[in-house]
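What follows is a set of notes on a single structure, which appears directly below.
The values are calculated or read from the model by the stated rules, or taken from the named source; none is laboratory data. None of the values given here were measured: they were computed from a predicted structure. Note: accessible area is taken over every heavy atom of the protein model, side chains too, but ligands, DNA and RNA are not part of it. Shrake-Rupley method; radii C 1.70, N 1.55, O 1.52, S 1.80 Å.
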Amino acid sequence: MLNYDDEAEHYDDSRGGQPRADAVAHAIGSMLPSSRALLIVDVGGGTGIVAGALATSGRRVVVADLSAGMLRQAARRLSGWQVQSTALALPIKDASVDVVTCIWLLHLLPSHDHVIDVVAEVARVLKPGGRFLATVDKDAATGRIRDREPTDRRDDVEAACQERGLRYVGSTQFAGPGQQEGSPDVAYPLVAFSRGYR
(Lines give C-alpha, C1' and ligand atoms only; values in the text may rest on other atoms or scores of the structure.)
Protein backbone atom coordinates (compact mmCIF):
# COMPACT_ATOMS: atom_id res chain seq x y z
CA MET A 1 0.00 0.00 0.00
CA LEU A 2 1.16 3.51 -0.81
CA ASN A 3 2.69 5.46 2.07
CA TYR A 4 0.93 8.80 1.63
CA ASP A 5 3.22 10.63 4.07
CA ASP A 6 6.26 9.67 1.97
CA GLU A 7 4.53 10.39 -1.35
CA ALA A 8 2.87 13.67 -0.38
CA GLU A 9 5.48 16.05 -1.80
CA HIS A 10 5.32 14.53 -5.29
CA TYR A 11 1.83 13.05 -5.23
CA ASP A 12 0.09 15.70 -7.35
CA ASP A 13 2.66 15.44 -10.13
CA SER A 14 1.94 11.72 -10.46
CA ARG A 15 -1.85 12.24 -10.56
CA GLY A 16 -2.44 14.83 -13.26
CA GLY A 17 -1.51 17.91 -11.25
CA GLN A 18 -3.48 21.14 -11.40
CA PRO A 19 -5.20 20.47 -14.75
CA ARG A 20 -6.88 17.34 -13.39
CA ALA A 21 -7.74 19.07 -10.11
CA ASP A 22 -9.33 21.94 -12.04
CA ALA A 23 -11.37 19.45 -14.11
CA VAL A 24 -12.61 17.77 -10.91
CA ALA A 25 -13.47 21.11 -9.30
CA HIS A 26 -15.36 22.24 -12.40
CA ALA A 27 -17.38 18.99 -12.42
CA ILE A 28 -18.16 19.34 -8.70
CA GLY A 29 -19.08 22.99 -9.13
CA SER A 30 -21.52 22.13 -11.90
CA MET A 31 -23.49 20.02 -9.40
CA LEU A 32 -23.59 22.48 -6.51
CA PRO A 33 -26.01 25.28 -5.69
CA SER A 34 -24.33 28.47 -6.87
CA SER A 35 -26.43 31.07 -5.11
CA ARG A 36 -24.89 31.01 -1.63
CA ALA A 37 -21.72 30.44 0.38
CA LEU A 38 -20.99 26.80 1.08
CA LEU A 39 -18.99 24.87 3.64
CA ILE A 40 -17.43 21.88 1.87
CA VAL A 41 -15.53 19.02 3.52
CA ASP A 42 -13.24 17.14 1.14
CA VAL A 43 -12.86 13.74 2.81
CA GLY A 44 -9.63 12.04 1.83
CA GLY A 45 -8.67 15.39 0.29
CA GLY A 46 -4.95 14.69 0.45
CA THR A 47 -2.77 17.59 -0.68
CA GLY A 48 -5.75 19.92 -1.00
CA ILE A 49 -5.25 20.40 -4.72
CA VAL A 50 -8.94 19.84 -5.49
CA ALA A 51 -10.03 21.75 -2.39
CA GLY A 52 -7.89 24.71 -3.44
CA ALA A 53 -9.57 24.75 -6.85
CA LEU A 54 -13.00 24.57 -5.16
CA ALA A 55 -12.32 27.36 -2.68
CA THR A 56 -13.78 30.17 -4.75
CA SER A 57 -16.93 32.30 -4.79
CA GLY A 58 -17.59 32.15 -1.07
CA ARG A 59 -16.88 28.44 -0.71
CA ARG A 60 -14.95 27.43 2.39
CA VAL A 61 -13.29 24.05 1.96
CA VAL A 62 -11.92 21.86 4.74
CA VAL A 63 -9.54 19.04 3.83
CA ALA A 64 -9.98 15.94 6.02
CA ASP A 65 -7.27 13.32 5.59
CA LEU A 66 -5.50 10.73 7.72
CA SER A 67 -2.02 11.50 6.36
CA ALA A 68 -0.06 14.23 8.14
CA GLY A 69 2.21 14.53 5.12
CA MET A 70 -0.70 15.17 2.79
CA LEU A 71 -2.16 17.74 5.19
CA ARG A 72 1.14 19.63 5.28
CA GLN A 73 0.81 20.03 1.52
CA ALA A 74 -2.84 21.05 1.91
CA ALA A 75 -1.87 23.73 4.44
CA ARG A 76 0.16 25.46 1.73
CA ARG A 77 -3.03 25.88 -0.30
CA LEU A 78 -5.63 26.40 2.41
CA SER A 79 -3.97 27.59 5.58
CA GLY A 80 -5.99 26.65 8.65
CA TRP A 81 -8.55 24.53 6.81
CA GLN A 82 -7.25 21.01 7.45
CA VAL A 83 -8.19 18.30 9.90
CA GLN A 84 -6.42 14.98 10.46
CA SER A 85 -9.15 12.40 10.53
CA THR A 86 -10.32 9.05 9.30
CA ALA A 87 -13.34 9.11 6.99
CA LEU A 88 -15.14 6.89 9.50
CA ALA A 89 -15.13 9.41 12.37
CA LEU A 90 -15.05 13.02 11.21
CA PRO A 91 -14.56 15.54 14.05
CA ILE A 92 -17.50 17.54 12.75
CA LYS A 93 -20.88 18.31 14.34
CA ASP A 94 -24.03 16.61 13.12
CA ALA A 95 -25.89 18.35 10.29
CA SER A 96 -23.33 21.17 9.97
CA VAL A 97 -21.86 20.83 6.47
CA ASP A 98 -23.34 21.88 3.10
CA VAL A 99 -21.28 19.55 0.90
CA VAL A 100 -19.06 16.49 1.38
CA THR A 101 -16.81 15.26 -1.41
CA CYS A 102 -14.97 11.94 -1.69
CA ILE A 103 -12.75 12.10 -4.75
CA TRP A 104 -10.78 8.91 -5.47
CA LEU A 105 -11.35 7.60 -1.96
CA LEU A 106 -14.03 4.92 -2.09
CA HIS A 107 -12.02 2.62 -4.38
CA LEU A 108 -9.22 2.55 -1.77
CA LEU A 109 -11.41 1.25 1.05
CA PRO A 110 -10.84 -2.40 2.01
CA SER A 111 -14.46 -3.54 1.78
CA HIS A 112 -17.98 -2.49 0.86
CA ASP A 113 -18.79 -2.45 4.58
CA HIS A 114 -16.28 0.39 4.94
CA VAL A 115 -18.06 2.27 2.14
CA ILE A 116 -21.34 1.87 4.00
CA ASP A 117 -19.71 3.24 7.16
CA VAL A 118 -18.24 6.23 5.29
CA VAL A 119 -21.63 7.01 3.75
CA ALA A 120 -23.20 6.84 7.22
CA GLU A 121 -20.65 9.37 8.48
CA VAL A 122 -21.28 11.63 5.49
CA ALA A 123 -25.02 11.50 6.14
CA ARG A 124 -24.41 12.39 9.79
CA VAL A 125 -22.48 15.60 9.07
CA LEU A 126 -24.57 16.85 6.12
CA LYS A 127 -27.20 19.51 6.67
CA PRO A 128 -30.70 18.70 5.44
CA GLY A 129 -30.56 19.31 1.70
CA GLY A 130 -26.77 18.98 1.74
CA ARG A 131 -24.92 17.32 -1.13
CA PHE A 132 -22.56 14.34 -1.24
CA LEU A 133 -20.39 13.96 -4.34
CA ALA A 134 -18.14 10.98 -4.98
CA THR A 135 -16.12 9.46 -7.77
CA VAL A 136 -17.14 5.90 -8.60
CA ASP A 137 -16.07 3.05 -10.90
CA LYS A 138 -12.45 4.21 -11.07
CA ASP A 139 -11.03 0.81 -12.04
CA ALA A 140 -13.70 0.37 -14.72
CA ALA A 141 -12.86 3.81 -16.14
CA THR A 142 -9.13 3.12 -16.29
CA GLY A 143 -9.38 -0.55 -17.27
CA ARG A 144 -7.48 -1.66 -14.18
CA ILE A 145 -8.14 -5.16 -12.89
CA ARG A 146 -7.56 -5.83 -9.21
CA ASP A 147 -7.49 -9.09 -7.30
CA ARG A 148 -10.58 -8.05 -5.32
CA GLU A 149 -14.02 -6.70 -6.03
CA PRO A 150 -14.06 -2.91 -6.47
CA THR A 151 -15.51 -1.06 -3.51
CA ASP A 152 -16.62 1.97 -5.53
CA ARG A 153 -19.11 0.35 -7.91
CA ARG A 154 -21.74 2.94 -8.68
CA ASP A 155 -24.70 0.65 -8.01
CA ASP A 156 -23.30 -0.32 -4.60
CA VAL A 157 -22.53 3.29 -3.66
CA GLU A 158 -26.02 4.38 -4.70
CA ALA A 159 -27.56 1.58 -2.62
CA ALA A 160 -25.48 2.56 0.43
CA CYS A 161 -26.53 6.19 0.02
CA GLN A 162 -30.20 5.30 -0.35
CA GLU A 163 -30.06 3.26 2.87
CA ARG A 164 -28.77 6.36 4.70
CA GLY A 165 -31.35 8.76 3.29
CA LEU A 166 -29.15 10.24 0.57
CA ARG A 167 -31.11 10.58 -2.66
CA TYR A 168 -29.41 10.39 -6.06
CA VAL A 169 -29.65 13.76 -7.81
CA GLY A 170 -27.36 13.44 -10.81
CA SER A 171 -24.05 12.53 -12.33
CA THR A 172 -21.40 13.90 -14.64
CA GLN A 173 -17.87 13.03 -15.64
CA PHE A 174 -14.56 14.78 -16.11
CA ALA A 175 -11.43 13.97 -18.08
CA GLY A 176 -8.05 13.34 -16.56
CA PRO A 177 -4.92 11.37 -17.26
CA GLY A 178 -4.76 7.69 -16.42
CA GLN A 179 -2.42 6.35 -13.78
CA GLN A 180 0.29 5.18 -16.18
CA GLU A 181 2.67 7.71 -17.74
CA GLY A 182 1.63 8.46 -21.31
CA SER A 183 -1.76 6.80 -20.96
CA PRO A 184 -4.72 8.53 -22.62
CA ASP A 185 -7.16 10.70 -20.70
CA VAL A 186 -9.89 8.86 -18.83
CA ALA A 187 -13.52 9.88 -18.28
CA TYR A 188 -14.01 9.65 -14.52
CA PRO A 189 -17.62 9.36 -13.26
CA LEU A 190 -18.87 11.65 -10.49
CA VAL A 191 -22.23 11.08 -8.77
CA ALA A 192 -24.20 13.41 -6.51
CA PHE A 193 -26.67 12.73 -3.71
CA SER A 194 -28.78 14.97 -1.51
CA ARG A 195 -29.75 14.54 2.14
CA GLY A 196 -33.46 15.03 1.71
CA TYR A 197 -34.85 17.21 -1.03
CA ARG A 198 -33.62 20.49 -2.46
Worksheet item: Taking N as the number of residues in the stretch 62-148, what is its alpha-carbon radius of gyration divided by 2.2 N^0.38 Å?
Response: 1.17
Worksheet item: Ranked by accessible surface with a 1.4 Å probe, highest first, in what order do D155, D22, D147 come?
Response: D147, D155, D22
Item to complete: Kindly work out what percent of the DSSP beta bridges joining two residues of the chain are antiparallel, to the nearest 5.
Response: 50
Item to complete: Can you work out the accessible area per residue across the chain, with the rest of the protein chains kept in place, probe 1.4 Å, in square angstrom?
Response: 48
Worksheet item: Carbon-plus-sulfur fraction of the accessible area of the chain, 1.4 Å probe, in percent?
Response: 48
Practice prompt. Distance between Cα centroids, the stretch 68-119 to the stretch 120-182: provide it in whole Å.
Written response: 14
Practice prompt. Report the extension gain between K93 and R72 in nm, rounded to one decimal, defined as 0.36 nm multiplied by the number of residues separating them, less their alpha carbon distance.
Written response: 5.2 nm
Discussion item. Please compute the contact order of the chain in relative form: average sequence separation of alpha-carbon pairs under 8 Å and at least six residues apart, divided by the residue count, as a percent.
Written reply: 20
Worksheet entry | Mean projected area in nm² (Cα convex hull; one quarter of hull surface) for the chain | 10.1
